[in-house]
Amino acid sequence: MLTARSHAAAGGGAAAGPRRFLISLAQVWWTVRLLQTAAPGWSTAWLVLLTAQGLLPIATISLIRLLVNSIAAPGSGRDTGGLGSLPPLPLIALTAAAMLAGEGLKSITEWVRTAQSELFQDHVSALIHQKSATVDLAFYESPEYYDRLHRARSDAGSRSLVLLDSLGSTLQSSITLLAMVAVLAPYGLALPLILAASTGPAFAVVLQFNRRYHRWWEATTVERRWLHYYDLMLTHGAAAAEVRLFELGPYLEAAYRRLRRRLRRERLVLARDQGGARFLAGGLGIAVTGGAVAWMAARVTHGTATLGDLALFYQAFSQGQGLLRALLAGAGQLHGASLFLSHLREFLNLEGQITDPIQPRPVPTSSHPGLRLHQITFRYPGSTRPVLRDFELTIPPGTIAAIVGPNGAGKSTLVKLICRFYDPEVGRVELDGVDIRQLPVRELRRMITVLFQFPQYYTATIAENIAIGDLAACPPRAAIEEAARLAGADEIIARLPAGYDTLLGKDFTGGTELSGGELQRIALARAFVRQAPILILDEPTSFMDPWAEAAWLERFRELARGRTVLIITHRPTTAMYADTIHVMQGGQIIETGTHAELLARGGLYARAWREQHPACTPEARLIGGRT
Ligand code: ATP
């Protein structure tokens, strides 16, 4: 079910060396393009600054060479013409100016880099948010999806910065290094090669440990998600009451600590091995530098080179080695970050199956379209058991249908199919005779308003919590108040300190909490504010007290007028206000009729009614109900 556009994950275990390298390069290129899209102007400025910073060290060490020569043998004429003929003092001033320029460039680059990374992070977060808000609901059925989301999210912030830094340092080091090689070449062409060879082992260590760390990090995604879960349970208000009453705190803490201890131990082993290998590789580099400097010192002793040459050589060689190491480390980090960012790319490439048709049909324009679920068989992703089998239901235009049935019968699943959160395996949902898969998904959903069984409440004002039902239409205050009145929420809101402007939830200052039944009225108002021709209410009265339920149901038919309505409920007292009641069990409709007809039939509905109203005579049962 979870599909991603095919591109091999960088660093995949099976990929061979060169192939892996090419994948990493492609990954880096993808990130560079993303960077260019996120912060085009800043990226250009960053490039220019890095180039300038890359060239500046060459200017500095050339000036130092001239300075040493002019101090050691003033007027020797070895560096004649141009800056070479200057006395020490102006050369000192020029060297200081070059160093100052270096510092200035560093500060400006830091500022540019901050702006660029902020923009980049915001851009990546926006892409993740857009993707998360639109992927198929089916993705949420899969632990694999959560793993991917977790990996993509943890990459977005830290890894993109690492990538940016390593890209910058690699670029800058490459420029300086090329210039250093040009400076060293006159002393022997073998020197640049020795330089490269001395840093090779360090590079190999970096690459190897990048891959090892990445493999470990990938393999422990599930553990880190567990940590996140324990942390949430311990710190979030939603679980706070049960955590205290059932004394879950120590249990959750222990589970968290156990997992952290294991991850910490594994991480430390990795760090220890990496440290040892780095030490050996560094030792090799120092030995090579020592040998090269000794060779140059011997040349000075024999008079074939000047002290200035020795100073330049030492600077160029040791800086060159440092640079090469920085370059290779930067390239290693780039490789590492690209491994991590491949998860972001993979996440952004996730493709759902609930998509618009290639040639969509226009949505029905009727103000109360007919709804039909025809021969539907459906099972949830990853499940073998069909929730609905050959399911058939017709709701004529402008009528109220109720679905009643025991827990797990498949009632709420119908809502998900009508809204096209899922597509059925077999059969189709029709709107005025048109298969909803032939309609543009957004326009189809705009035709439907739903009170979900477990609505979401937002940390926003009450008015906003209602207006959320139709943000596109930006409902005016009068429409919000009318929806609240229809839902029976107006009196509750009137009692709140700031009325419609009261903040819901206690996460922020000034917020207030409402009871379950009060919240349900707010959610009901949200469903009403959306002027959609199809109204679906999943357990609209489950939290209401009997008095509120009776009062609300009295007005219900008026509220529903002019719309096609599906009401899902456990309560016959709610269902009996519908035009037709369908009794559902085991994924199928087993009884259909009006309240009176179903009571007369003596089936499941009648039994449920009798159990809730044991003292009712058959005559009393019909009072208040639609017969
Ligand atoms: P209730 O009256 O308790 O709300 P319901 O009739 O609305 O139940 P559904 O929520 O439609 O029942 O669930 C029908 C069946 O589908 C149940 O057996 C449930 O376990 C299963 N089910 C529901 N959601 C999922 C899901 N996301 N993945 C797998 N199975 C699911």
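Farthest towards the positive end of the charge dipole of region 427-544, among the residues 535, 496, 472, is the Cα of 472, using unit charges on the Cβ of Lys, Arg, Asp and Glu. Sequence-ordered 3J(HN,Hα) estimates for region 96-109 from the Karplus curve with 6.51, -1.76 and 1.60 and θ = phi - 60° stand at 4, 5, 5, 5, 4, 4, x, 5, x, 4, 4, 5, 5, 4 Hz, glycine and proline given as x. Note on the chain: Cα-only Rg and Dmax are 35.7, 125 Å. Each of 246, 589, 577 was scored by the projection of its Cα onto the charge dipole of the chain, and the greatest displacement toward the positive side belongs to 246; charges sit on the C-beta of Lys, Arg, Asp and Glu.
For the peptides 28-39, 409-420, the ranking by mean Cβ contacts within 10 Å, running from highest to lowest, is 409-420, 28-39.
About its Cα centre, the dipole of region 244-345 is roughly 720 debye, where the only charges are +1 on Lys and Arg Cβ and -1 on Asp and Glu Cβ. Region 417-471 and region 239-277 have their alpha-carbon centroids 41 Å apart. Phi angles across region 530-539 convert, under the Karplus curve 6.51 cos²θ - 1.76 cosθ + 1.60 with θ = phi - 60°, into 3J(HN,Hα) values of 7, 7, 9, x, 10, 10, 10, 10, 9, 6 Hz, Gly and Pro given as x.
In the chain, the portion of solvent-accessible area held by carbon and sulfur atoms comes to 60 percent [1.4 Å probe, whole percent, DNA, RNA and ligands not counted].
Converting phi to 3J(HN,Hα) with the Karplus coefficients 6.51, -1.76 and 1.60 and the offset θ = phi - 60°, region 568-579 yields 10, 7, 8, 9, x, 5, 8, 4, 5, 7, 7, 6 Hz in sequence order, with x at every glycine or proline.
With a cut-off of 12 Å, note down the residues of region 392-428 whose backbone N falls inside the zone around a label point 7 Å from the Cα of residue 607 toward its beta carbon. Hits in region 392-428 for residue 607 at 12 Å: 406.
Close amide-amide hydrogen proximity is noted between residue 434 and no other residue 5 or more places distant or on a separate chain, at a cut-off under 5 Å (H modeled in the peptide plane; Pro and chain starts excluded). For the chain, the relative contact order comes to 15 percent (Cα pairs under 8 Å, sequence separation of at least 6). Diffusion coefficient (Stokes-Einstein, Kirkwood radius over C-alpha pairs, 37 °C, 0.692 mPa s) for region 200-320: 172 µm²/s, rounded to a whole number. Altogether, the Stokes-Einstein calculation at 10 °C and 1.306 mPa s, with the Kirkwood radius of region 563-616 over Cα pairs as Rh, returns a diffusion coefficient of 138 µm²/s.
Around the Cα centre of the chain, unit charges on the Cβ atoms of Lys, Arg, Asp and Glu (plus for the first two, minus for the last two) sum to a dipole of about 1800 debye.
Of all beta bridges DSSP finds with both residues in the chain, what is the antiparallel percent, to the nearest 5? The antiparallel proportion sits near 50 percent. Comparing 189, 137, 221 along the charge dipole axis of the chain, the residue lying farthest to the positive side is 189, per the Cβ-charge model. Which of the trypsin sites (Lys or Arg not before Pro) found in region 544-595 are loop residues per DSSP with 16 or fewer other Cβ atoms within 10 Å of their Cβ? Filter output for region 544-595: 561.
Across the protein chains, with a 1.4 Å probe defining accessible surface, the residues 582, 302, 150, 228 rank 302, 228, 150, 582 from largest area downward.
Other residues whose C-beta falls under 12 angstrom from the C-beta of residue 583 contribute a net charge of +1, scoring Lys and Arg +1 and Asp and Glu -1.
Each label was represented as a point 7 Å from its Cα along the Cα-to-Cβ direction; for residue 257 and residue 495 these points are 4.5 nm apart. Scanning residues 5 or more positions from residue 567 or on other chains, those with amide H under 5 Å from its amide H are 401, 402, 403, 537, with H placed 1.01 Å from N in the peptide plane.
Calculated accessible area for the chain comes out at 49 Å² per residue, all protein chains present (probe 1.4 Å; ligands, DNA, RNA ignored). Here region 421-487 is treated as a Stokes sphere of Kirkwood radius computed over C-alpha pairs; at 37 °C and 0.692 mPa s its diffusion coefficient rounds to 228 µm²/s. Helix 190-219 and the long axis of the chain differ in direction by around 20°, with both axes built from C-alpha atoms.
Put a plus charge on the Cβ of each Lys and Arg, a minus charge on the Cβ of each Asp and Glu, and nothing anywhere else: the dipole of region 397-452 about its Cα centre is then about 220 debye. Annotation: amide H of residue 387 within the under-5 Å range of 378, 379, 380, sequence separation 5 or more or interchain, hydrogens built in the peptide plane.
Look at the alpha carbon pairs under 8 Å that are at least 6 residues apart: their mean separation over the length of region 332-464 gives a relative contact order of 30 percent. Counting Lys and Arg as +1 and Asp and Glu as -1 over every other residue whose Cβ lies under 10 Å from the Cβ of residue 489, the net charge comes to -1.
Fraction of C-alpha pairs exceeding 22 angstrom in region 291-438: 65 percent, rounded to a whole number.
In the chain, the calculated helix contribution to ellipticity at 222 nm averages -20500 deg cm²/dmol per residue, counting -39,500 (n - 2.57) for every DSSP H run with n ≥ 4.
The values are calculated or read from the model by the stated rules, or taken from the named source; none is laboratory data. Everything numeric here is computed off the predicted structure, so don't read it as measured data. Neighbour counts run over all protein chains shown; Cβ positions are idealised from the backbone, glycine included. Side chains included, ligands, DNA and RNA excluded: accessible areas come from the protein's heavy atoms. Shrake-Rupley method; radii C 1.70, N 1.55, O 1.52, S 1.80 Å.
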